[in-house]
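See below for the structure under consideration.
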Amino acid sequence: MAGKISLALNLLLGIAVIYLFTKISTPAETQTDQGIASAEINEYPSIAFVDNDSLSLNYKFRIDKSKILEKAAADVQVLENKIAKAQKDYYEIMNKSQTGGFTSDAEIAAAEKKVIKLQEDDPYLQSQMESRIKRLTKLEGEINDSLYSRLYRYIDSYTADKSIDVIMLYTKGMTGLYNSGSLDVTAEIVSGLNAAYESEKTAE
């Protein structure tokens, strides 16, 4: 469950970090050959990279919210285990009854009482499971929406005074064959995101 949550958040980070606003300059007819060559070069977008692993591991908002999701997922798992145990106990009693495994009336009476209790508890446990899954799903949606919004807003602000047209998400060994260190803006992005998040928490 925690692995699925982490994957979902990483995917959201990937979607949010891709920011594209391509600038196209049109050379004037009176430009010199040198001016035309310069204009043609400027038609290509300026690209920067953000390291996905570093962003995922170091963005404090994501770290804090992941803990909340993991706690909600753990609550679901605890209840899931409880339901599984109740079902196992029920089938074991039924099997023992059918095979004549009970050796006394007292043992049979105790088994019957336990079966009744298991049957009574089942609707409540199923209802609780449904409630906890809904809560987890709602939390995931809210956190993912907030994560996307925060990343997009910050990257939009970050690129406002910089000649960057595209910020690509880079994952070593998975996306991109090469990433020049001079194009890596991960540290600046993470630092800015964390500063904004810390400021927000202080104001609360």
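Read-outs throughout are calculated quantities, based only on the coordinates presented, and are distinct from any laboratory measurement. What you see is a predicted model; the values in this text were computed from it and never measured. Every residue, glycine among them, receives a Cβ derived from its backbone with ideal geometry; neighbour counts consider all protein chains shown.
Overview of values
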| item | result |
| --- | --- |
| Flagged links, alpha-carbon separation over 28 Å, of K114/K138; K60/K162; K60/K138; K82/K201 | K114/K138; K82/K201 |
| Residues with amide H under 5 Å from that of I164, placed H, sequence gap 5 or more | none |
| Karplus 3J(HN,Hα) series, Hz, for region 155-172 with 6.51 cos²θ - 1.76 cosθ + 1.60 (x for Gly, Pro) | 5, 4, 5, 4, 8, 4, 10, 10, 7, 10, 9, 9, 10, 9, 8, 10, 10, 4 |
| Residue among T171, Y148, L118 farthest towards the positive dipole end of region 87-204, charges placed on Cβ | L118 |
| Cleavage-rule hits (chymotrypsin sites (Phe, Trp or Tyr not before Pro)) in region 42-130: DSSP loop, at most 16 neighbouring Cβ within 10 angstrom | F102 |
| All aspartates and glutamates inside 12 Å of K67 as judged from Cα atoms, apart from same-chain residues fewer than 8 positions distant | E140 |
| Within-12-Å neighbourhood charge of A48 [Cβ basis; K, R +1; D, E -1] | -3 |
| Cut-off under 5 Å, modelled amide H: who pairs with Y170 long-range | V50, D51, N52 |
| Label-point separation, D53 to D156 (7 Å along Cα→Cβ), nm | 3.2 nm |
